[in-house]
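K.L.:
Quick one: structure below, then a few questions.
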Amino acid sequence: MKVIAASEVRGCNHSDSQLKAALGTYLSSPPRRTDRLTLLALLAAAPLKAHMQTDSGLYLAATYPARQNMFALLENVCAQQRLPKPFEFVNSVSNAAGFHVAQQLGLLGPNLFIGAGPQVWGHLLDLAGNDLERAQVRQALVLLVEEDQQDGFSAQALVLEPGGDSLSARDFSVLSDSVEVVRLELETDSTSV
């Protein structure tokens, strides 16, 4: 496998509306009523749209699903014993983010979501590499979204193709060192929530 394109987004304490505004730079009509995980995944993936083919596979990992949605869903269903709101319910399924990324980029290949653990890049590369080796896809979009309430967030994306050396690195900075990385550093806004 070889890396042909990469992007990275970093920020801290940005509201969802600020993330949507940043996304408007890359997409003419961003999806409505999406969660934070979807917005972060789209911010990393959208700059790579020009490098993607329609039959590309999408392999997404995140440290957490959309926290605000999960907390609201648990509060409504468990604590208040009410039915979940449709938005909360649909976006509580973590593969909703992959659906929106695939829809916005026009990707029709496999779409997988996994929870991020200590060796997440290795797991993502194994999944994508397997489909690339078996010619199930001609390209793979590999995404990692990490969010921490104190440290902020990062979203990283790689576009992979067959050929080249097998990727043995398990770190974004090493994996992406052969290409120019599209970087978006969202400025800290003191009015952010």
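K.L.:
In terms of modelled amide H atoms, which long-range or inter-chain residues lie less than 5 Å from the amide H of Leu184?
P.N.:
Counting only residues 5 or more places away or on other chains, the set is Glu8, Val9, Arg10.
K.L.:
May I ask you to derive the relative contact order of the chain, considering only C-alpha pairs under 8 Å and at least 6 residues apart, and to give it as an integer percent? Spell out each step's value before the answer.
P.N.:
Values: 364 pairs, mean separation 78.6, N = 193.
Relative contact order here is 41 percent.
K.L.:
Amide H to amide H under 5 Å from Ala5: which residues, 5+ apart in sequence or cross-chain, H placed 1.01 Å off N in plane?
P.N.:
Here the answer is Val159, since their amide H atoms fall under 5 Å of that of Ala5.
K.L.:
Given the options Gln156, Gln104, Gln139, which has the most mean-square fluctuation in a GNM of the chain, springs set between C-alpha atoms less than 10 angstrom apart?
P.N.:
Gln104
K.L.:
Could you let me know the centre-to-centre spacing of segment 96-110 and segment 18-57, using Cα atoms, in angstrom?
P.N.:
So the separation of the two Cα centres works out to 10 Å.
K.L.:
May I pose another question? Which listed residue (Leu143, Leu74, Leu158) has the Cα farthest towards the positive end of the charge dipole for the chain, taking +1 on Lys and Arg C-beta and -1 on Asp and Glu C-beta about the Cα centre?
P.N.:
About the Cα centre, the residue reaching furthest to the positive side is Leu74.
K.L.:
With viscosity set to 1.002 mPa s and temperature to 20 °C, compute the Stokes-Einstein D of the chain, Rh being the Kirkwood radius across alpha carbon pairs; µm²/s, no decimals. Provide the component values of the computation, followed by the final result.
P.N.:
Numbers: Rh = 17.0 Å.
Estimated diffusion coefficient is 126 µm²/s.
K.L.:
Counting Lys +1, Arg +1, Asp -1, Glu -1, what net charge surrounds Val101 among other residues with beta carbon under 13 Å of its beta carbon?
P.N.:
Numbers: positive: Lys49; negative: Asp35.
That sum, taken over residues with Cβ under 13 Å, equals 0.
K.L.:
Separation between the Ile114 and Asn76 pseudo-spin-labels, each 7 Å from Cα along Cα→Cβ, expressed in nm?
P.N.:
3.1
K.L.:
Also, quick follow-up: Rounded to the nearest 500, what is the 222 nm mean residue ellipticity of the chain from helices alone, with -39500 (n - 2.57) per DSSP H run of 4+ residues and division by all residues?
P.N.:
Helix contribution divided over all residues of the chain: -9000 deg cm²/dmol.
No lab work stands behind these numbers, since they all come straight from the coordinates. Remember, it's a predicted structure, so these values are computed and weren't measured experimentally. Neighbour counts are summed over all protein chains in view; Cβ atoms, including those assigned to glycine, are modelled from backbone coordinates with ideal geometry.
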